[in-house]
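Asker: Take this structure first; my questions come after.
Please treat every number below as a calculation from the coordinates, not as lab data. The structure presented is a predicted model; accordingly, all values stated were derived computationally and were not measured. Cβ sites come from the backbone with ideal geometry, for glycine too, and all protein chains shown count toward neighbours.
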Amino acid sequence: MRLRRLQLFDYRNFERLDIELPANVALFIGDNARGKTNLLEAVYLLATMRGLRADTDAQLIRRQSLDEFMPAARVVAQVETLSGPLKLEVGIVARPGPQGPAPRPRKG
C-alpha cells in the first residue's frame with residue numbers, strides 16, 4: 001500500500017493540510033513543534049484507528065476549534081493498493097459536556 005495524498009482538517013495543530021506525496025521517498029524537515037510527528041500520527045490513526053500519543057480522542061482535535069458548536073477533526077487519505085485506489089477517512093467528534101467538549105476515554 002502506498003500513501004498518495006493526505007488531508008487533515010482541524011487535526012492536532014493543523015487547521016487544514018492537503019499534501020500529495022511523491023512515489024518514492026518523502027522527507028519532512030522543520031523546526032520543533034511544527035507538526036512533523038502529527039503527520040506521522042495521522043497516518044498511524046488511519047492504519048490503526050488509534051491516536052499514538054493521545055489519552056482521549058478529544059486531544060486529537062485542534063484546540064482552537066474546541067469552542068465550535070460540534071468540535072471535530074478529519075483525516076483523509078488516498079492510497080494505492082494492489083487492487084487499485086482506495087480512500088480512507090477517520091472522523092473524530094468531541095461529545096458535548098457541561099463545561100465544553102468532553103474527552104472520550106480510549107478503549108484498549
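Asker: Residue separation times 0.36 nm, minus the C-alpha to C-alpha distance between ASP55 and GLU80: what's the value?
Answerer: So the extension gain works out to 5.9 nm.
Asker: In units of 2.2 N^0.38 Å, what is the alpha-carbon radius of gyration of segment 2-102?
Answerer: With N residues counted in segment 2-102, Rg over 2.2 N^0.38 Å equals 1.13.
Asker: Determine the sum of side-chain charges near PRO22: Lys and Arg each +1, Asp and Glu each -1, restricted to other residues whose C-beta is under 13 angstrom from that of PRO22.
Answerer: Values: positive: ARG2, ARG4, ARG5; negative: GLU20, GLU80.
Combined, the nearby Lys, Arg, Asp and Glu give +1.
Asker: What GluC sites (Glu not before Pro) does segment 53-93 have in DSSP loop regions with at most 13 other beta carbons within 10 Å?
Answerer: Details: sites: GLU68, GLU80, GLU89; in loops: GLU68.
Within segment 53-93, the qualifying GluC sites (Glu not before Pro) (loop, at most 13 other Cβ atoms within 10 Å) are GLU68.
Asker: Here's a follow-up. How far is helix 36-48 tilted off the main Cα axis of the chain, in degrees rounded to 10, range 0 to 90?
Answerer: Approximately 90 degrees, to the nearest 10.
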